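Notes for the one structure printed next.
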Amino acid sequence: MSPLGIKSKTINTCTNRESISFQIGDFGMVRDIAGSGGGSDYYKSHGGIIPVKWTAPESLNYNKYTSASDVWSYGMVLFEIWSLGYKPFHDLANPIVIALVTSKHCQAPPPGCPRPIYHLMVECWNPKDTQRPTFDCIQTYLDSPEDSLLQWSPSDTLPGKQAHLLGAPLVEGNNLYIDLQRTYQNQLLAETQSNNNT
């Protein structure tokens with residue numbers, strides 16, 4: 001761990017571009033894939049090996065990689081940061097993750113993650129790539145005052161005794177912000193009902 005509490009592997013994947021700006025990349029991916037045959041976090045597609053748990057649905061399904069698919073991955077990096085280093089979809093196998101992402105399921109928030117930060121994650125995971133925020137929009141959002149980004153309401157602490165505690169077991173976040181977790185499933189349901197009524 002560094003003095004900042006960041007695992008050393010994470011630091012190895014960041015490149016300091018300017019004095020206060022970092023670029024995140026998985027420079028260890030080539031080594032890890034070559035040395036372990038891909039490992040359980042990677043999936044071999046027709047285009048090569050990809051890290052499923054960090055990959056946008058359009059990239060998984062159509063090999064479409066854009067800035068919007070990078071925004072999806074950024075949402076997963078935010079999850080890793082707020083979970084203190086856990087992988088997204090922590091204990092799930094790749095086929096299950098693909099099925100969940102395809103069915104518009106959002107990764108549950110990590111315990112201790114404030115609603116405004118989880119809301120940003122959910123926006124990054126919009127199944128419609130054209131409706132995800134741009135990195136400029138994300139930067140503007142994150143430039144908001146800390147007290148607005150890190151706020152907790154009393155109702156946010158109701159789902160579990162430890163749901164608001166950073167570093168609590170991941171399961172504590174499963175019932176946190178259910179409304180946000182189901183955002184895209186609810187939209188799909190509404191679209192289906194609308195189509196059935198016409």
Just one of P110, P88 is in contact (Cβ under 8 Å) with a residue 24 or more places away in the chain, within 30 Å of K161 (Cα to Cα) and either out of contact with any Asp or Glu (no Cβ under 8 Å at 6 or more places or on another chain) or aromatic (F, W, Y) (or both); which is it? P110
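A108 - would you say it is surrounded by 13 or more Cβ atoms within 10 Å (Cβ to Cβ), within 28 Å of L188 (Cα to Cα), among the hydrophobic types (A, V, I, L, M, F, W, C) and in contact with a Leu (Cβ under 6 Å, 6 or more places away or on another chain)?
Working: surrounded by 13 or more Cβ atoms within 10 Å (Cβ to Cβ): yes; within 28 Å of L188 (Cα to Cα): yes; among the hydrophobic types (A, V, I, L, M, F, W, C): yes; in contact with a Leu (Cβ under 6 Å, 6 or more places away or on another chain): no.
When the stated conditions are applied, A108 does not pass them.
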Is at least one residue of segment 54-63 of a type in the set (A, V, I, L, M), touching a strand residue (DSSP E or B) at 6+ places or on another chain (Cβ under 9 Å) and more than 21 Å from N174 (Cα to Cα)? yes
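Could you pull out every one of the helices (runs of 4 or more DSSP H) wholly within segment 124-198 that has 3 or more residues that are without any contact (Cβ under 8 Å) to a residue 12 or more places away in the chain?
Numbers: elements: 135-142, 146-149, 178-181, 183-197.
It comes to 135-142, 183-197.
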Over segment 91-105, the set of residues touching a helix residue (DSSP H, G or I) at 6+ places or on another chain (Cβ under 6 Å) and either charged (D, E, K, R) or outside any helix (DSSP H, G or I) (or both) is K104
Where residues in segment 44-60 are small (G, A, S) and under 20 Å from T130 (Cβ atoms), which of them is modelled with the highest pLDDT? A56
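The values are calculated or read from the model by the stated rules, or taken from the named source; none is laboratory data. Predicted model, so just to flag it, every value in this text is computed and none were measured. Glycine also receives a Cβ, built like all others from the backbone with ideal geometry; neighbour counts cover every protein chain displayed.
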